[in-house]
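Take a look at the structure below.
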Amino acid sequence: MRDNIKFWDERVDLAAAFRWTARLNMHEGVANHFSLSIDDDGTKFLMNPNQVHFSRIKASDMIVVDANDPDTLSGPNAPDPTAWGLHGGIHRGVPHARCCMHVHSIHATVLASLADSRLPPIDQNACTFYGRHVVDENYGGLAFEEEGARCATLLADPKDKVMVMGNHGIMIIGETVAETFNRLYYFERACETYIRALQTGQPLRIIPHDIATKTSQELADYPEQDARHLAELKAILNDEGSNFDQ
């Protein structure tokens, strides 16, 4: 099968990310989408088929979507209009967003529901995102094409790898599946720590700006963690006899 389907390795990586996202209960049933660009300008991309649960997605299930071709919406297993609007808008307008992962994970969505949806640097994980996330303060309803295009403008600065979508969820971007999933995982972890810290009602110990900035850069430069993280997850899935790579 891998000899007859293009971008097989990329499909396998995406499938593993879907399976592990479901295992971590960061999915939204049969909603939400991950996408990965497969052409030079980033507008043609792999995506999960519409209304398939993350826990069942296989490498061969991925569909190819062309952000510049609305007829994509009429093809087999076509993405729903919100997936087209949000992911298509970002892949058209943000060339450096090669991979996009959108979820409504619990703790990140709690953050997106707060009046102040910024993630403060209260621990090392949170420092990863210090000065590297943007908050959308103007939720406009379901992410149809116009709303998707508006969201894309908020990711124009290459340093912003996470968009906290106020009253909605999060969008994580990156160069590869491994990089983007790793970022998704740690953002949710950082949000959980923050939300649990708020629940204590005690004052927060905020890391100073200079140390948070230094730590953020150190984590950004840390070698190979993202690739090794995804490789380990694929190894676990393979040990369990998962069919994600079929």
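The values are calculated or read from the model by the stated rules, or taken from the named source; none is laboratory data. Fair warning: this is a prediction, and the values are worked out from it, not measured in the lab. Glycine gets a Cβ as well: all are built from the backbone with ideal geometry, and neighbour counts include every protein chain shown.
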From the set of residues in the range 182-213 that are aliphatic (A, V, I, L, M) and outside any loop (DSSP other than H, G, I, E, B), which is surrounded by the fewest Cβ atoms within 10 Å (Cβ to Cβ)? Ile211
Can you find even one residue in the range 158-181 that is in contact with a Cys (Cβ under 6 Å, 6 or more places away or on another chain) and assigned to a helix (DSSP H, G or I)? yes
Filtering the range 87-121 down to residues that are of a type in the set (Gly, Ala, Ser) and part of a loop (DSSP other than H, G, I, E, B), which residue is farthest from the chain's Cα centre (by Cα)? Ala115
Given the criterion of a type in the set (D, E, K, R), more than 19 Å from Ala115 (Cα to Cα), touching a residue at least 60 places away in the same chain (Cβ under 8 Å) and surrounded by fewer than 17 Cβ atoms within 10 Å (Cβ to Cβ), identify the matching residue among Glu218, Glu175. Glu175
Out of all the residues in the range 94-107, is one or more touching a residue at least 12 places away in the same chain (Cβ under 8 Å) and at positive phi? no
Candidate set: the range 40-67, residues that are aliphatic (A, V, I, L, M) and more than 18 Å from Arg19 (Cβ to Cβ); chosen: the one surrounded by the fewest Cβ atoms within 10 Å (Cβ to Cβ): Val64
Selected residue [modelled with pLDDT of 95 or more and touching a strand residue (DSSP E or B) at 6+ places or on another chain (Cβ under 7 Å)] from Ile38, Ile57: Ile38
Leu142 fails exactly one of (1) part of a loop (DSSP other than H, G, I, E, B); (2) over 16 Å from His87 (Cα atoms); (3) not small (Gly, Ala, Ser), namely (2)
Looking only at the range 114-121, decide whether some residue is touching a helix residue (DSSP H, G or I) at 6+ places or on another chain (Cβ under 6 Å), buried (at least 22 other Cβ atoms within 10 Å of the Cβ) and closer than 13 Å to Cys100 by Cβ. no
Considering only the range 221-232, I want to know if a residue exists there that is among the hydroxyl-bearing types (Ser, Thr, Tyr) and either in contact (Cβ under 8 Å) with a residue 24 or more places away in the chain or buried (at least 17 other Cβ atoms within 10 Å of the Cβ) (or both). no
Cross-chain or 6+ apart pairs with Cβ under 9 Å, the range 64-86 first and within 14 Å of Asn32 (Cα to Cα), then of a type in the set (Val, Ile, Thr) and assigned to a helix (DSSP H, G or I): Ala78/Thr72; Pro79/Thr72; Trp84/Thr72
Taking Pro223, is it modelled with pLDDT under 95 and either farther than 25 Å from Val110 by Cβ or not in a helix (DSSP H, G or I) (or both)? yes
If I ask for residues that are closer than 17 Å to Ser37 by Cβ and surrounded by fewer than 24 Cβ atoms within 10 Å (Cβ to Cβ), which ones from the range 8-24 would you list? Trp8, Asp9, Glu10, Val12
